[in-house]
């Protein structure tokens, strides 16, 4: 609304100057300590009788700075199992790697990532003492809204946002059983899609190196064929390092 008002005023002044006399417009911009762009527009109109009418307008807008980078995470993942008292999920180690885009304005930043992840976990049946290993490969897109605080060596950041994940391959051992393979009823043991919430905290050094800790909570029941009998939701902790160009 303020920009529309300022534009209308400038247009009116220039039009008035063309009617009454000669108009000269000068625009200058600078960046303040908060990262905002300060714009000053000075309009001088020389009337036919020699008098000069001077109008100055000022606007302040955040300066958005976009950058790109690469990152890699070591992860610890497992499942929260509900509606089943004899199964227990044990954490497994994995990793993820990919690229990110970060847009910053003042103390706010938005970060979008595209990662290839590898996750493992173990599910133990406490009734018969059997264990099954689960291995997953997939693509993941986290989106973070973050607040930042500048320090002498860089900046501290903390934030949260949604993520979406698409499973590419999932295997249960022993047996090398494909968890995404559909049965005669057209259902697989587990579904490929997962959606959840991520929380992130870390530090970005002035040289571009970034360290972070991320906690992810899956909101979707990963079970497909037996989703009426039990719920299986993912949990992941990531320890990451990245570099912003």
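The values are calculated or read from the model by the stated rules, or taken from the named source; none is laboratory data. What you see is a predicted model, and the numbers here were worked out from it, not measured in a lab. Please note: Cβ atoms are built from the backbone with ideal geometry, for glycine as well, and neighbour counts cover all protein chains shown.
Taking the stated definitions as given, is residue 197 assigned by TED's automatic domain parsing to the domain that holds residue 124, touching a strand residue (DSSP E or B) at 6+ places or on another chain (Cβ under 9 Å) and in a loop (DSSP other than H, G, I, E, B)? So residue 197 does not fit the description; no.
Counting only strands (runs of 3 or more DSSP E) that fall entirely inside the stretch 1-106 and contain at least 3 residues that are over 23 Å from residue 118 (Cβ atoms) and modelled with pLDDT under 75, the qualifying elements are 21-31, 36-47, 52-62.
Here residue 123 does not qualify as surrounded by fewer than 16 Cβ atoms within 10 Å (Cβ to Cβ), touching a strand residue (DSSP E or B) at 6+ places or on another chain (Cβ under 7 Å) and in the same structural domain as residue 77 (by TED's automatic domain parsing).
Apart from one condition, residue 172 fits all of (1) surrounded by fewer than 19 Cβ atoms within 10 Å (Cβ to Cβ); (2) under 29 Å from residue 124 (Cβ atoms); (3) free of Cβ contacts under 8 Å to residues at least 40 places away in the same chain; the exception is (3). All of (1) more than 17 Å from the chain's Cα centre (by Cα); (2) in a strand (DSSP E or B) hold for residue 163 with one exception: (1).
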